[in-house]
Amino acid sequence: EFLTPVYHDVDFNVKPLLASAITSNADKSVWTIKVEPRAVWSDGKKLTAGDIKASWEWSAAPAQKIGNIGNLADVKGYADVTGGKATEMPGLVVKDDATLEITLNSGDPYFDNKLAPYALGILPVTQLKADPLYLTKPNPVVNGPFQVTSIDATGRQIVMNPNPKWWGPKPILQQLQ
């Protein structure tokens, strides 16, 4: 449903997913994500650098209780957001719709690897702010190859079908249950 900027292949090499490229400065303290130009949400809207920034800041907020996004801990301002002192990380700067600059507290030559875990998947924050139960309903906007098309009241039965706007290779499976 919700992809990350990169993933690891079977040999643990970083491969692009929502990012078309991730680069760093010489001391590895500033990283730049270029958003994959084909990446769109399932409603057809373009996925932007602002979506990535909003998702990570929302996920880091203590009210969300998403404790497993610690891979961003070295981003400037992360501690203030997770501590409830701020709502934005000054280390996440949207340069334009396709470019997110990430400034760390210190250099990290492996930071690009830290962007692969599922917990850093990009969520539809605008919808979640409007309705905290948004993801428990059928057909939420997604940026991955599948979306929930049916969910029972208890969450024990979920049906996922291909995202009609998925921009990557077409899924082999036509339904997940």
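The values are calculated or read from the model by the stated rules, or taken from the named source; none is laboratory data. Please read these numbers as outputs of a predicted model, since none were measured by experiment. In this analysis, Cβ positions are derived from the backbone assuming ideal geometry, glycine residues included, and neighbour counts consider all displayed protein chains. Heavy atoms of the whole protein, side chains included, go into the accessibility calculation; ligands, DNA and RNA do not. Shrake-Rupley method; radii C 1.70, N 1.55, O 1.52, S 1.80 Å.
Some observations on this one:
- Test: residue in segment 87-97 that is out of contact with any strand residue (DSSP E or B) (no Cβ under 8 Å at 6 or more places or on another chain), more than 17 Å from residue 31 (Cα to Cα), at pLDDT 95 or above and not β-branched (Val, Ile, Thr): yes
- Sub-8 Å Cβ pairs linking a first residue in segment 84-98 that is free of Cβ contacts under 8 Å to residues at least 24 places away in the same chain to a second residue that is aromatic (Phe, Trp, Tyr), at least 6 apart or interchain, are 91/78, ordered by first then second residue.
- Checked against the criterion of being in contact with a Ser or Thr (Cβ under 7 Å, 6 or more places away or on another chain), within 21 Å of residue 166 (Cβ to Cβ) and open to solvent by 30 Å² or more (accessible area, probe 1.4 Å), the candidates 45, 34, 15 yield just one match: 34.
- Pairs where the first residue, in segment 59-82, is on the phi > 0 side of the Ramachandran plot and the second is small (Gly, Ala, Ser) and surrounded by 15 or more Cβ atoms within 10 Å (Cβ to Cβ), C-beta under 9 Å, 6+ apart: 77/86; 77/91
- From the options 7, 110, residue that is under 26 Å from residue 135 (Cα atoms) and among the aromatic types (Phe, Trp, Tyr): 7
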